[in-house]
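The values are calculated or read from the model by the stated rules, or taken from the named source; none is laboratory data. Remember, predicted model here, so these are calculated numbers, not experimental data. Backbone-built Cβ (ideal geometry, glycine too); neighbour counts: all protein chains shown. Heads up: the accessible areas ignore ligands, DNA and RNA and are worked out on the full protein's heavy atoms, side chains in. Shrake-Rupley method; radii C 1.70, N 1.55, O 1.52, S 1.80 Å.
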Amino acid sequence: MGRIYEALQVEEDFIKAMERKEFRLYYQPKLDLVSGKIIGVEALVRWEHPEKGLLPPLEFIPFAENSGLIIPLGEWILRTACLQIKEWQESGYVHMLMSVNLSAPQLYQPEFADKVQQILTETKLTPKFLNFEITEGVMLDAFQAPKVIRELKGLGVQISLDDFGTGFNSFHYLQELPIDTIKIDQSFVQNCYTDLNDGTIVKSIIEMAHQLQMNIVAEGIYSADQLIFLQQNHCNIGQGYLFSKPLPPDELMKQIDNIEQIVIQKGIPQEVSH
Ligand code: C2E
Ligand code: MG
Ligand code: MG
Ligand code: MG
């Protein structure tokens with residue numbers, strides 16, 4: 001059995017998996033680091049494989065990108081995420097934001113913005129509640145990226161620069177593109193409290209985001225020390241295992257009250273101001 005056979009087999013399995021609806025969206029909350037309230041969620045895809053169990057995205061997204069299958073999968077992800085946030089908004093979480101990750105082949109398909117518009121119309125979601133997370137790696141196409149991002153902004157959706165600081169050209173994108181939000185990569189957040197350099201980098205990114213009037217999100221928060229450091233340095237929004245892992249939708253709804261206590265319990269005491 002050669003490699004080509006194997007690749008075809010994987011492709012066949014993947015297509016079957018889509019038909020059998022084996023992909024799942026898990027949702028990880030993003031919290032306001034002052035009030036502790038959930039302001040939105042990030043959709044993170046998993047494959048509930050019949051034999052291998054729950055597979056994380058890194059085990060199949062690269063294949064999906066290389067084979068082009070990320071296009072139909074990505075469309076399913078976007079539609080499912082929009083329907084889910086619409087449902088939550090209708091059940092009372094009216095301001096909740098949905099973040100969806102994009103891969104390069106999705107962003108650069110012809111008429112991607114039209115497809116997004118179509119899904120927004122179909123799901124009746126107000127565009128400003130949809131946020132695309134795009135890494136610097138995805139922005140590499142210097143000619144196409146600004147064009148598509150502007151088209152998306154034209155629809156009224158939001159754009160976040162994901163894993164900020166890990167790419168080659170971070171500042172160039174901030175200068176060139178209409179970015180709403182910077183997500184500080186978890187590798188900087190990890191040691192912000194203990195490592196002086198990492199702490200300085202995190203502080204500087206937060207400060208820069210404020211100066212540029214962009215939102216700032218810290219990802220990968222797993223300790224109270226990190227939370228307190230971020231609060232003290234005025235990072236508005238946070239995400240990480242300290243608050244919640246990515247969860248299936250009904251599980252997240254069950255946990256929501258507990259999750260919203262965590263910033264209050266573990267962070268610095270806040271003045272309640274109105
Ligand atoms: P990402 O967009 O940067 O997502 C953050 C990753 O960090 C997620 O991993 C999340 O579960 C994990 N994480 C969150 N909090 C913590 C924490 O406190 N500690 C640690 N160690 N990890 C934390 P996940 O779900 O395995 O996703 C990995 C990557 O796969 C994502 O990175 C994203 O690039 C990609 N991905 C996930 N879902 C999708 C999708 O629907 N479409 C596309 N195109 N890519 C996706
Ligand atoms: Mg992301
Ligand atoms: Mg990230
Ligand atoms: Mg990442």
Work the Kirkwood hydrodynamic radius out for the chain: mean of 1/r over every pair of different alpha-carbon atoms, inverted, in Å.
-> 19.6 Å
Between E12, E42, E219, which gets the highest mean-square fluctuation from a Gaussian network model of the chain, Cα cutoff 10 Å?
-> E12
Could you grab the relative contact order for segment 9-75? Cα pairs under 8 Å, six or more apart, rounded to a whole percent.
-> 23 percent
Please give the helix 70-90 orientation as an angle from the longest Cα principal axis of the chain, in degrees from 0 to 90, rounded to the nearest 10.
-> 50 degrees
When the dipole is taken about the Cα centre of segment 11-168, and only Lys, Arg (+1) and Asp, Glu (-1) are charged at their Cβ, what size is it in debye, to the nearest 20?
-> 580 debye
Considering only G92, I159, L247, whose Cα is most displaced toward the positive end of the charge dipole of the chain, charges sitting on Cβ of Lys, Arg (+1) and Asp, Glu (-1)?
-> G92
With the 8 Å Cα cutoff and a minimum separation of six or more residues, the chain has a relative contact order in percent of 19 percent
Which of N236, M208, T194 sits farthest toward the positive end of the charge dipole of segment 191-256, with +1 on the Cβ of Lys and Arg and -1 on the Cβ of Asp and Glu?
-> N236
By how many degrees, 0 to 90 and rounded to 10, does the Cα axis of helix 144-155 deviate from the longest principal axis of the chain?
-> 70 degrees
In order over segment 94-104: 3J(HN,Hα) from phi, Karplus 6.51/-1.76/1.60, θ = phi - 60°, whole Hz, x for each Gly or Pro, gives 5, 9, 5, 9, 10, 9, 10, 7, 10, 9, 3
For the chain, which whole-number percentage of the solvent-accessible area (1.4 Å probe, protein heavy atoms only) is attributable to carbon and sulfur atoms?
-> 53 percent
Work from the charge dipole of the chain (Cβ charges, +1 for Lys and Arg, -1 for Asp and Glu, about the Cα centre) and give the residue of G137, I77, S67 farthest towards its positive end.
-> I77
Between Y222 and E48, with labels modelled 7 Å along Cα→Cβ, what's the label distance in nm to one decimal, could you check?
-> 2.6 nm
Å² of accessible area per residue within the chain, as computed with a 1.4 Å probe and no ligands counted = 52 Å²
Using unit Cβ charges (K, R positive; D, E negative) and no other charged atoms, how large, in debye to the nearest 20, is the dipole of the chain about its Cα centre?
-> 440 debye
